[in-house]
Amino acid sequence: STNVAETSVTLPNVRYVIDCGKEKRRRYKASSGVSAFAIDRISKASADQRAGRAGRLGPGHAYRLYSSAAYENHFTQFAPIPMLHTPMDPVLLLLAFLGVPRLDVFPWPTPPSSESIAAAIRRLCAIGAIEEDGKTAEGSVASARGAVAVRCTKLGYRLAALPVAPRYARMLLSAVTASSQEAGDIIGHACAIVAALSVGNLTAWESVQDIDDTGQGPENELLRAQREARRRLDEAQRKEAPKWTQLRDDAEGTLWLMGGYAWAVRGGEEAAEDFCRKNKINARQMAEAHSLMQQLAELMRRRLSLESMELPLLPRPPTPQQARLIRESIVEGLFDRVAVACPELGNHAYVCGDLGRERPVFIHNSSNTFR
């Protein structure tokens, strides 16, 4: 049994359920703004729900691969609500949009951590969605000790109207501004990139990481064998590498994926599946990103009266001028994530201003920049 089967519709003729007592749950780290899936114990409510799947229409049995002591002592009564493991930026922006001045003391039914709220407020201030009102909750001028109230800016009202994360909405609005000021329409390209970033995990391809031989002393037979195995594996991967892995950076690679899939969809479902299989793409995530891209394009066309934008959206390779504007728009939404190379902290190490030197970051081996 899994957490997917646990919440699905009733399946007939299920007589036996094997419950491992585990589930894959999304964990969000407020300090770094990164979320990842981790395997954790289920709750007592989930265990009871899984057991109830057996014998709905007749006699059944549930086999639990854990002891009753583990169930009583280590399982929580209920699973934590999903909002505690997601970024708070969209929720706090909505509260500011509704006129709530003190986001840090809002009476939540189940309050998130203060660290998560503080980090979200910093990010919203950084992109210009909210600003300090200059007054405390009592209406007096803010002091060094008093908590400062915030208010939604004009940009924040526009960001809240878009159904994506605030930083991604900032990318879209920046693309609109760039398209109106310079000769190069990039709104469609921005919709494609924002859709891909919002869904995530579009590809199932990773490069072989290089072995760092520095500081390992004299070479022995094991190191030589490891190096030779890595070299052969890298050569094999290069022969079957998809075209998008050979582009300059992830922005161009993402546009190639979204545009290629959009054109493949015109040929039917079989052509789209063949495109995903040949280019090592997760078909379900790509279909979701394609749908979101079309919805964003339709929304932008309707609200901005962009009659020249053709739907359904079919992104084409950008010109050099368009590529520059696209990168500038991406930076507008992610400038607090800009990192600087710092070789003294390690091989391929970078320092991000939001995290500091004590927490260096590294380029993922699935990135075109890594390759």
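The values are calculated or read from the model by the stated rules, or taken from the named source; none is laboratory data. As the structure is a computational prediction, the values presented were derived from the model and not from experiment. Quick reminder, even Gly has a Cβ in these numbers, built from the backbone with ideal geometry, and neighbours come from all protein chains shown. Note: areas computed on protein heavy atoms with side chains; ligands, DNA, RNA excluded. Shrake-Rupley method; radii C 1.70, N 1.55, O 1.52, S 1.80 Å.
Residues of the range 294-326 that are among the charged types (D, E, K, R) and surrounded by fewer than 16 Cβ atoms within 10 Å (Cβ to Cβ): 298, 302, 303, 307, 310, 316, 324. Failed condition for residue 66, given (1) at pLDDT below 85; (2) assigned to a loop (DSSP other than H, G, I, E, B); (3) more than 30 Å from residue 119 (Cα to Cα), with all others met? For residue 66, the exception is condition (1).
Does any residue of the range 161-182 turn out to be among the polar types (S, T, N, Q), open to solvent by 20 Å² or more (accessible area, probe 1.4 Å) and either modelled with pLDDT under 80 or touching a strand residue (DSSP E or B) at 6+ places or on another chain (Cβ under 8 Å) (or both)? Within the range 161-182 (the criterion being among the polar types (S, T, N, Q), open to solvent by 20 Å² or more (accessible area, probe 1.4 Å) and either modelled with pLDDT under 80 or touching a strand residue (DSSP E or B) at 6+ places or on another chain (Cβ under 8 Å) (or both)), the answer is yes, since at least one residue qualifies. Of all residues in the range 69-87, those satisfying the criterion of being modelled with pLDDT of 90 or more and either open to solvent by less than 40 Å² (accessible area, probe 1.4 Å) or among the small types (Gly, Ala, Ser) (or both) are 69, 70, 71, 75.
Before we move on, is residue 139 modelled with pLDDT under 90, touching a Ser or Thr at 6+ places or on another chain (Cβ under 6 Å) and assigned to a loop (DSSP other than H, G, I, E, B)? Considered against the rule, which asks whether it is modelled with pLDDT under 90, touching a Ser or Thr at 6+ places or on another chain (Cβ under 6 Å) and assigned to a loop (DSSP other than H, G, I, E, B), residue 139 comes out as no.
For the structure I just gave you, tell me whether residue 99 is over 27 Å from residue 35 (Cα atoms) and at pLDDT 85 or above. Spelling it out, residue 99 is indeed over 27 Å from residue 35 (Cα atoms) and at pLDDT 85 or above. Examine the range 1-8 for a residue that is touching a helix residue (DSSP H, G or I) at 6+ places or on another chain (Cβ under 6 Å), polar (S, T, N, Q), open to solvent by less than 50 Å² (accessible area, probe 1.4 Å) and farther than 30 Å from residue 133 by Cα, and state whether such a residue exists. Yes, there is a match, as at least one residue in the range 1-8 is touching a helix residue (DSSP H, G or I) at 6+ places or on another chain (Cβ under 6 Å), polar (S, T, N, Q), open to solvent by less than 50 Å² (accessible area, probe 1.4 Å) and farther than 30 Å from residue 133 by Cα. Note on the range 237-274: residues that are touching a Ser or Thr at 6+ places or on another chain (Cβ under 6 Å) and open to solvent by 50 Å² or more (accessible area, probe 1.4 Å) total 1.
The range 1-55 holds strands (runs of 3 or more DSSP E) entirely within its bounds, and those carrying 2 or more residues that are within 25 Å of the chain's Cα centre (by Cα) and modelled with pLDDT of 80 or more map to 22-29, 34-41.
Filter the range 275-286 down to residues that are touching a residue at least 24 places away in the same chain (Cβ under 8 Å) and surrounded by 18 or more Cβ atoms within 10 Å (Cβ to Cβ) and give me whichever is nearest to residue 242 (Cα to Cα). Per the criteria, the residue is 279. For the range 297-313, does any single residue satisfy the condition of being without any contact (Cβ under 8 Å) to a residue 40 or more places away in the chain and within 23 Å of the chain's Cα centre (by Cα)? Within the range 297-313, one or more residues are without any contact (Cβ under 8 Å) to a residue 40 or more places away in the chain and within 23 Å of the chain's Cα centre (by Cα). Among the residues examined, residue 102 does not qualify as farther than 30 Å from residue 149 by Cβ and of a type in the set (Lys, Arg). Pairs linking a residue in the range 159-183 that is in contact (Cβ under 8 Å) with a residue 12 or more places away in the chain and of a type in the set (Lys, Arg) to a residue that is buried (at least 18 other Cβ atoms within 10 Å of the Cβ) and not in a helix (DSSP H, G or I), with Cβ atoms under 6 Å and 6 or more positions apart or on different chains, are 167/127; 170/127. If you go through the range 80-102 and keep only what is under 16 Å from the mean Cα position of the chain (by Cα) and assigned to a loop (DSSP other than H, G, I, E, B), you end up with 86, 87, 88.
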